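Asker: Just dropping this structure here.
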Amino acid sequence: MRRVSIHVLKEMKKRGEKIAVLTAYDYPTARLLDEAGVPVILVGDSLGMVVLGYDSTLPVTVDDMIHHTKAVVRGTQRAHVVADMPFMSYQAGFEDAVRNAGRLMQEAGAQSVKLEGGKTVADTVRRLVEAGIPVMGHIGLTPQSLHQLGGYKVQGKTPAAAVKLLNDAQALDEAGAYAMVLETIPAALAELITERVSIPTIGIGAGPHCDGQVQVIHDMLGLFPDFVPKHAKQYAQLAEEVSRAAREFVAEVAEGRFPTEKESFVMDEAALSELTRVA
Ligand code: KIV
């Protein structure tokens, strides 16, 4: 089966077909998403928060991303797998960027990489594309700049901030990015950017007018009931289901109701009587 390519994604924008993107960080989830027909799977550096238990994405390393991207690639046949470039894997210089993006493609098997920033990373995007590495951009709320932004806040709310984001989007388009994430910006701004760029925009908290939508799988499956971002919709409540199953298991083990004969293995009569004789 052929994987979804960046050309297919660009064609989808032209045809007005919306692009669904979900994050995954492991083999079984990636398999389920691939089989469900999700065309793009993002191994996001949200990994740090939803899987590794950090309080931001900043501690995530290139090796972390390679480890998890490999598992996702093994679980997929058709989906286009995008690997996030983690904090400080591309900011310090072009050489770093090309080497680290190259590792995500060569060692981990990703089909493209994603990095955060607009005009300031446009030259890096250009270098990566020249090296044969497809790049997805990411502007608006860029979690790797959490401390610079002063928190996880809506971006582009004033006319000046909105124009800056529009310029950032155009810079990524001109630099050769094949798509870009628009995170937590007003819907009207996302609509304007989507009209003005030639490549697909993938929104998260950016309203309905983007060319596609991305969600973090833990948010849409309801795995974090204590915090549900405003942009997220829970399509399942798996946290409740996991807790219920774990409580039932604990009770059944405590009461000797698990395992039963059904989950046990038998020894044939002759082996059993020989065992009784020798033991
Ligand atoms: O890391 C991530 O999961 C992301 C998405 C939120 C777009 O960058």
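Asker: Confirm whether Gln106 is more than 16 Å from the ligand (Cβ to nearest atom) and touching a His at 6+ places or on another chain (Cβ under 8 Å). Full working, then the answer.
Answerer: On the way: more than 16 Å from the ligand (Cβ to nearest atom): yes; touching a His at 6+ places or on another chain (Cβ under 8 Å): no.
No: the conditions fail for Gln106.
Asker: Can you find, within segment 109-154, the residue that is surrounded by the fewest Cβ atoms within 10 Å (Cβ to Cβ) among those that are away from the ligand (no atom under 16 Å from the Cβ) and of a type in the set (Asp, Glu)?
Answerer: Among them, the one singled out is Glu130.
Asker: Within segment 205-260, can you find the residues that are loosely packed, with under 13 Cβ neighbours inside 10 Å and acidic (Asp, Glu)?
Answerer: Of everything in segment 205-260, those that are loosely packed, with under 13 Cβ neighbours inside 10 Å and acidic (Asp, Glu) turn out to be Asp226, Glu240, Glu248, Glu255.
Asker: Next up: Is at least one residue of segment 177-188 over 23 Å from the mean Cα position of the chain (by Cα) and surrounded by 11 or more Cβ atoms within 10 Å (Cβ to Cβ)? Lay out the reasoning, then the answer.
Answerer: Within segment 177-188, the subset over 23 Å from the mean Cα position of the chain (by Cα) is 188.
Then drop every residue that is not surrounded by 11 or more Cβ atoms within 10 Å (Cβ to Cβ), which leaves 188.
Yes, that holds for at least one residue.
Asker: For segment 50-80: of the residues being under 12 Å from the mean Cα position of the chain (by Cα) and not hydroxyl-bearing (Ser, Thr, Tyr), which is farthest from Glu17 (Cα to Cα)?
Answerer: Of everything passing the filter in segment 50-80, Val51 is farthest from Glu17 (Cα to Cα).
Asker: Can you tell me which of (1) within 16 Å of the ligand (Cβ to nearest atom); (2) more than 21 Å from the chain's Cα centre (by Cα); (3) at pLDDT below 95 is the one Ile193 doesn't meet?
Answerer: Unmet condition: (3).
Asker: Here is a further query. Considering only residues that are over 18 Å from Met105 (Cβ atoms) and in a helix (DSSP H, G or I), look in segment 45-77 and name the one that is least open to solvent (accessible area, probe 1.4 Å).
Answerer: Looking at residues that are over 18 Å from Met105 (Cβ atoms) and in a helix (DSSP H, G or I), I get Gly48.
Asker: Whether any residue in segment 210-220 is away from the ligand (no atom under 16 Å from the Cβ) and either in contact with a His (Cβ under 6 Å, 6 or more places away or on another chain) or modelled with pLDDT of 95 or more (or both) is what I want to check. Even if it seems obvious, please write down each step before you answer.
Answerer: To start, the set of residues in segment 210-220 that are away from the ligand (no atom under 16 Å from the Cβ) comprises none.
For segment 210-220, residues away from the ligand (no atom under 16 Å from the Cβ) and either in contact with a His (Cβ under 6 Å, 6 or more places away or on another chain) or modelled with pLDDT of 95 or more (or both): absent.
Asker: I need a count of the residues in segment 14-44 that are near the ligand (Cβ under 10 Å from one of its atoms) and open to solvent by 70 Å² or more (accessible area, probe 1.4 Å).
Answerer: The total comes to 0.
Asker: Examine segment 134-142 for a residue that is more than 24 Å from Leu166 (Cβ to Cβ) and in contact (Cβ under 8 Å) with a residue 24 or more places away in the chain, and state whether such a residue exists.
Answerer: Start the filter on segment 134-142 by keeping residues that are more than 24 Å from Leu166 (Cβ to Cβ), which leaves none.
Looking through segment 134-142, none of the residues is more than 24 Å from Leu166 (Cβ to Cβ) and in contact (Cβ under 8 Å) with a residue 24 or more places away in the chain.
Asker: While we're on this one: Mind checking whether some residue in segment 205-222 is free of Cβ contacts under 8 Å to residues at least 12 places away in the same chain and of a type outside the set (Lys, Arg)? Don't jump to the end; show me each part of the working.
Answerer: Looking only at segment 205-222, we keep the residues that are free of Cβ contacts under 8 Å to residues at least 12 places away in the same chain, and these are none.
Scanning segment 205-222, I find no residue that is free of Cβ contacts under 8 Å to residues at least 12 places away in the same chain and of a type outside the set (Lys, Arg), so the answer is no.
The values are calculated or read from the model by the stated rules, or taken from the named source; none is laboratory data. All values derive from a computational prediction rather than experimental measurement. Every residue, glycine as well, gets a Cβ built from its backbone with ideal geometry; the counts of neighbours run over all protein chains shown. Note: areas computed on protein heavy atoms with side chains; ligands, DNA, RNA excluded. Shrake-Rupley method; radii C 1.70, N 1.55, O 1.52, S 1.80 Å.
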